[in-house]
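Shown next, in structure tokens, is the structure this report addresses.
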Amino acid sequence: MKNIFPILEWLPKYSKEKLKADIIGGLTVGIVLIPQGIAYALIAGLPPIYGLYSALLPQIMYVIFGTSQRVAVGPVAMDSLIVAAGISTLAVAGTEAYISLAILLAFMVGLFQFVLGIGKLGFIVNFLSKPVISGFSSGVALMIGVNQLKNLTGINIPRSSHLQAIVYSFFKNFQDLEIQTFAVGGIAIAVLFTVKSIKTKIPGPLLVVILGILILHFFHDTLSQVSVLKEIPSGLPSFKMPTFTFKMMADVFPIAVTLAVIDFLETISIGKSLEQSTDDTIIQPNKELVALGMMNMVGAMFKSYPTKASFSRSAVNDEAGSKTALAGLFSVMVIVIVLLFLTSYFYYLPKAVLAAIIMVSIIKLLDYKEAIRLWSLNKSDFWMLVATFSGTVFLGIKEGIVIGVVLSLMMLIARTSRPHVAVLGRIPNTNIFRNTDRFEEVEIDEEILIIRFDARVYFANANYFSEVLQNNVKRKGATLKLILLDCECINGVDSTAIQMIDADIEFYKDKGIEVFFSNVKGPVRDMLTKSGIVDKLGKQKFFINNNDAVTYFKTGKLDRNEDLTNYIGQANI
């Protein structure tokens, strides 16, 4: 049962000390979640109440199925913008059709994540590299921020997933700037930064929301230009299966796959960053997929749009001292109280304040430090980040992630099809061999070519292996008598590689050049044995290390007394 319900791993060890910490942490996160949930729903093009709906069942599901002790889940800015970018092309924001598509999207995201988790296919998301995720996240963060210019300035800027369109509209209509709206938003931003700089325990978002409501409540006639939320319906969401047709499912499928993968990666990365040695459980990727799947599927049945782990609220949760996932239940209690009794108090909440909260919160998602690090560490990764970021902000969010996935796969293929290859020489007065390109002092025998291929050999790089070998043989010239293949870094070979190796052995045999093998791993030995290469060459030409191979070639015997035949020739066939 613990495999199905991770809560059973840590709940029996629960204590009063943990309860007190979880109550404080949960209530703190719940208070922060109120303005964030409302703001993020507006980003998604949904009525504000759906941000609060999305903070209910998903949190409860994560308490039961999640494996991280400190992750806080619910609506987030990035998902909200992806929802808006994807669904706005299918329906008008705020309409019943739009809301139905957003809820269906949550269900499909959850279904995809659940299937991946049950099938233990979490490794699939490893095909998205860190530079791609960083570039995509930064691009989405920037788009979230610029899309709030409308609410922050009062300028009529159409919602768009293209940076150039938003910037053009902003400057074209700059004369329509509403001074009152901009002043309210600017003051809210200043307060948020001030609260953050003095490191008070008072949640900045909650403070500006309260101040904004009070100011507009008492001075709404004076500040008549400032747009407010107005009526928010009260009450809890009722159960209802998402409305769907096959066309609707086909329309939202690409967005669902994108969100499912991105949300999983972000949740894992947040969970691992907050993990502590005192936790009763550690984050488990496939179980996290199941948890996210249950969050989104069950949440969709109660009017939730896509949800995942929130970096900002998880940080608040950790700083507030939460010890277990049970803190999420106390966050839910805060939202329930608001939905039942307090929604009327949000009538005068200025949209400019919500825009300020969003713009300040997304700053941490602009991962410029990663770009700087990659510039000095790996230029190809840096340009992959830049390409994904540029595609996201200039072409669109879906296009950006497609560019990232394609670049990740291209980079994977490029790196595995042309891996590092080293020609080895002996360190003087030792039995140790190292790369001749890195160490000038190593001894090189003109009769022997020792070559190490640092990757699995398979159909995509078999020809490259053969070409590199041939080029190095040519450099050696007529003095070459032995090719020693150091297989220490080869962890597998396929049928194409076996065929190529067999052909090369025959080719060099005709030229009077012997081929020896050293440091051969079990799975490679199995394939060499099954293919008949071991029998063709003879077991005496397979060695446990390079020194044995060189010594045998030079003297016809080994420089040791131990019989290691069983270890060198063992194969599972």
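All of the numbers you see were taken from the coordinates with simple rules; none came from a lab. Nothing here was measured: the structure is a model prediction, and the numbers come from that model. Here the Cβ is made from the backbone with ideal geometry for all residues, glycine too, and neighbour counts use every protein chain on show.
Contact order for the chain, expressed relative to its length and based on alpha carbon pairs under 8 Å spaced 6+ residues apart, stands at 21 percent. Considering every alpha-carbon pair of region 98-166, the percent of pairs per 5 Å bin, from zero through the bin containing the longest distance, is 3, 13, 13, 13, 20, 17, 11, 6, 3, 1.
Restriction of the trypsin sites (Lys or Arg not before Pro) in region 96-179 to DSSP coil positions whose beta-carbon has at most 16 other beta-carbons within 10 angstrom yields 120, 159. Computed from Cα atoms alone, the Kirkwood hydrodynamic radius reported for region 207-365 is 18.8 Å. Straight-line cross-link partners of residue 476 among the lysines, defined as a Cα under 22 Å from its Cα and at least 8 positions apart when in the same chain: 509, 511, 541, 554. Other residues within the sphere of radius under 14 Å centred on the Cβ of residue 371, judged by their own Cβ, net out at +1 (K and R +1, D and E -1). Dividing the Cα radius of gyration of region 450-573 by 2.2 N^0.38 Å, with N the residue count, gives 1.01.
Could you pull out the pairs from 13/369; 20/308; 196/398; 201/240 whose alpha carbons sit more than 29 Å apart here? Check vs 29 Å cut-off fails for 13/369; 196/398; 201/240. Taking other C-beta atoms within 10 angstrom as a stand-in for reagent exposure, 302, 507, 389 fall in the order 507, 302, 389, fewest first. A simple spin-label model places pseudo-atoms 7 Å from Cα toward Cβ; at residue 555 and residue 503 they are separated by 3.9 nm. Relative intensity of region 1-63 on a log10 scale, I(q)/I(0) at q = 0.15, 0.21, 0.27 Å⁻¹, equals -0.63, -0.89, -1.09, per a Debye sum over C-alpha point scatterers of equal strength in the absence of solvent. With the helix formula -39500 (n - 2.57) applied to DSSP H stretches of n ≥ 4, the chain reaches a computed 222 nm mean residue ellipticity of -18000 deg cm²/dmol.
When Cα extents along the principal axes in Å is computed from the coordinates, the matching label among (1) 70, 59, 47; (2) 163, 57, 50; (3) 100, 59, 52 is (3). Each Lys and Arg contributes +1 and each Asp and Glu -1, all at the Cβ; summed about the Cα centre of the chain, the dipole is approximately 660 debye. Sorting the segments 319-327, 259-267, 521-529, 414-422 by their residues' average number of neighbouring beta-carbon atoms within 10 angstrom, most packed first, yields 259-267, 319-327, 521-529, 414-422.
Along the axis of the charge dipole computed for the chain (Cβ charges of +1 for Lys and Arg, -1 for Asp and Glu, origin at the Cα centre), the listed residues 140, 87, 477 are led at the positive end by 87. Overall form of region 505-556: oblate. Here a/c, set by the Cα gyration tensor axes a ≥ b ≥ c, is 1.5 or more, and a/b is not larger than b/c. Across region 421-569, the mean sequence separation of Cα contacts (distance under 8 Å, 6 or more residues apart), normalised by length, yields a relative contact order of 19 percent.
Put simply, when 27-35, 3-11 are sorted by average Cβ atoms within 10 angstrom per residue, most first, you get 27-35, 3-11. Compared with the alpha-carbon gap, the fully stretched path from residue 447 to residue 11 is longer by 150.2 nm at 0.36 nm per residue. Taking the three principal axes of the alpha carbon atoms in region 334-407, the coordinate ranges are 54, 24, 23 Å, sorted in descending order.
Modelled this way, with points 7 Å down the Cα-to-C-beta line, the labels at residue 272 and residue 156 are 4.8 nm from one another. Listed by chain and number, the aspartates and glutamates whose C-alpha is less than 20 Å from the C-alpha of residue 303, apart from same-chain residues fewer than 8 away, are 79, 96, 231, 251, 263.
DSSP finds beta bridges in the chain, and of those with both partners inside it, around 45 percent are antiparallel. Overall, the ratio between the Cα radius of gyration of region 88-213 and 2.2 N^0.38 Å, rounded to two decimals, is 1.41. Give the Debye-formula value of log10 I(q)/I(0) at each listed q (0.12, 0.18 Å⁻¹), with one equal scatterer per alpha carbon of region 54-158, two decimals each. Ignoring solvent entirely, the Cα scatterers give -0.57, -1.22. Straight Cα distances below 16 angstrom link residue 150 to the lysines 172, 351, with same-chain residues fewer than 8 positions distant left out.
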